[in-house]
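J.: Sending over a structure as structure tokens; questions will come in a sec.
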Amino acid sequence: MKSLEELQKIKERALERRRLAGEGSRARVVVAMGTCGIAAGARDTMTAILGELEKRQIADVVVTQTGCVGLCEYEPIVQVQVGDQDMVTYGNIDTDRVSTLVEEHVVGGEPVEKWLVRK
Amino acid sequence: MTVFRDLSQHLMDIAENSTTAGATLLHIYIDEDPDANRLSVEVRDNGRGMDPQMLLRVSDPWVTTRTTRKVGLGIPFLKQTAEMCGGDFQITSVPGEGTATRAAFEFDHIDRPPLGDLAGTLLCIIVGNPTLDVVYCHHVGPGEFVFDTRELRELLGPEVPLYDPEILGFIRGTLTEELMALESEAA
């Protein structure tokens, strides 16, 4: 593991980012990680989402995983909720769609209509 | 017949079972022992566990506790893969205490799936389940790597979320570098 001093410095910068971000989070992203999701590549999708947050230095987006949401044919499924808007469900979010999804909806606040699962 | 490309996807699947069972602590052991021609993977959780009837049926592909879909396929796939690779599979559980899932494989068996993206899998399990602690213990021959999120959380304190971009980078970097070092040491 990297040195403890290094982690201590990271901790201080992270605390500063928390202060700047204020209470709560900008958005919530949920990746469906049931057997069906994993088989369709959900782990790689989630790794890519975390990679985008790291790359763009986004400190106020919570990414969590959940089980099968019952829409197996649309996996990998990603749900996004920005601020206090309704949560929307996206289907077939392979790694090559992640950058656009983060850019347009998580950062830009505009849902990517063509990837939404209508149900 | 297999749905997963690699063992790290199985690991993700078992971890998801554990969090669904309400686990707050997950122990993951990976032991690569090429000299003994054996690779074993074990996941132990402190979730709600299963009673003997459920445990007997859990390797049956037509059993699941899920309500969104009628079949459960993760455990039967892992059992089948282990048995196909000259290994074995075991699952033990105590209601109220937790569940342990173990799978072993012949290390050099032609059908043995690769370990796959362990660093990415662990990062997702750790960050994606904010109320779960993970103790990861990986041996390759005499080499060992241990990563314990309880230590990390203690150092960071309650106010620093693990989804902070620099913390993400720290966890990803540490896992990637240490796992690479572990494999190259053994080679």
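The values are calculated or read from the model by the stated rules, or taken from the named source; none is laboratory data. Note that the coordinates shown come from a computational prediction; the quantities given were computed from them, not determined experimentally. Positions of Cβ are backbone-derived with ideal geometry, glycine not excepted, and every protein chain shown enters the neighbour counts.
J.: Suppose we filter A:Thr66, A:Thr100 for residues that are facing chain B (nearest Cβ under 9 Å), over 11 Å from the mean Cα position of the chain (by Cα) and touching a residue at least 12 places away in the same chain (Cβ under 8 Å); which single one remains? Steps first, answer last, please.
T.: Working: A:Thr100 fails: facing chain B (nearest Cβ under 9 Å).
It is A:Thr66.
J.: Still on this structure: If I filter segment A:39-48 for residues that are facing chain B (nearest Cβ under 9 Å), crowded, with 24+ Cβ neighbours inside 10 Å and either touching a strand residue (DSSP E or B) at 6+ places or on another chain (Cβ under 8 Å) or in a loop (DSSP other than H, G, I, E, B) (or both), do I get at least one hit?
T.: Yes, that holds for at least one residue.
J.: Sticking with this structure for a sec: Could you figure out which of (1) surrounded by fewer than 17 Cβ atoms within 10 Å (Cβ to Cβ); (2) within 20 Å of B:Val127 (Cβ to Cβ); (3) not basic (Lys, Arg) isn't true of A:Glu23?
T.: (2)
J.: Right, next: Would you call B:Ala100 in contact (Cβ under 8 Å) with a residue 12 or more places away in the chain and within 30 Å of A:Arg28 (Cα to Cα)? Break it down into steps so the answer makes sense when it comes.
T.: Numbers: in contact (Cβ under 8 Å) with a residue 12 or more places away in the chain: yes; within 30 Å of A:Arg28 (Cα to Cα): no.
Judged against the criteria, B:Ala100 is not a match.
J.: Would you point out which residue out of A:Ala59, A:Ala27, A:Ala14 is within 17 Å of B:Tyr163 (Cβ to Cβ) and touching a His at 6+ places or on another chain (Cβ under 9 Å)? Quick ask: steps written out before the conclusion?
T.: Working: A:Ala59 fails: touching a His at 6+ places or on another chain (Cβ under 9 Å); A:Ala14 fails: touching a His at 6+ places or on another chain (Cβ under 9 Å).
The match here is A:Ala27.
J.: Here are the criteria: (1) crowded, with 20+ Cβ neighbours inside 10 Å; (2) in a helix (DSSP H, G or I); (3) of a type outside the set (Gly, Ala, Ser); (4) out of contact with any Leu (no Cβ under 6 Å at 6 or more places or on another chain). Tell me which single one A:Lys9 does not satisfy.
T.: A:Lys9 satisfies all of (1) crowded, with 20+ Cβ neighbours inside 10 Å; (2) in a helix (DSSP H, G or I); (3) of a type outside the set (Gly, Ala, Ser); (4) out of contact with any Leu (no Cβ under 6 Å at 6 or more places or on another chain) except (1).
J.: Please state which one of B:Gly120, B:Gly157 is within 9 Å of another protein chain (Cβ to nearest Cβ) and at positive phi. Break it down into steps so the answer makes sense when it comes.
T.: Working: B:Gly120 fails: at positive phi.
On inspection, the qualifying residue turns out to be B:Gly157.
J.: Oh, and also: Are any of the residues in segment A:25-33 under 23 Å from B:Gln9 (Cβ atoms) and either over 12 Å from the mean Cα position of the chain (by Cα) or in a helix (DSSP H, G or I) (or both)? Don't jump to the end; show me each part of the working.
T.: Let us first name the residues in segment A:25-33 that are under 23 Å from B:Gln9 (Cβ atoms), namely A:29-33.
Okay, now just the ones that are also either over 12 Å from the mean Cα position of the chain (by Cα) or in a helix (DSSP H, G or I) (or both), so A:33.
For segment A:25-33, residues under 23 Å from B:Gln9 (Cβ atoms) and either over 12 Å from the mean Cα position of the chain (by Cα) or in a helix (DSSP H, G or I) (or both): present.
J.: Of A:Leu53, A:Leu20, which residue is of a type in the set (A, V, I, L, M), assigned to a helix (DSSP H, G or I) and within 9 Å of another protein chain (Cβ to nearest Cβ)?
T.: Values: A:Leu20 fails: within 9 Å of another protein chain (Cβ to nearest Cβ).
Only one candidate passes the filter, namely A:Leu53.
J.: Evaluate the following for B:Thr64: is it closer than 20 Å to A:Thr35 by Cβ, at pLDDT 70 or above and crowded, with 16+ Cβ neighbours inside 10 Å?
T.: Values: closer than 20 Å to A:Thr35 by Cβ: yes; at pLDDT 70 or above: no; crowded, with 16+ Cβ neighbours inside 10 Å: yes.
In short, no.
J.: Also, I was wondering about something else. Kindly list, by first and then second residue, each pair from a residue in segment A:69-82 that is within 11 Å of chain B (Cβ to nearest Cβ) to a residue that is part of a strand (DSSP E or B) and hydroxyl-bearing (Ser, Thr, Tyr), limited to pairs with Cβ atoms under 8 Å and residues at least 6 apart or on different chains.
T.: A:Val69/A:Thr89; A:Leu71/A:Thr89
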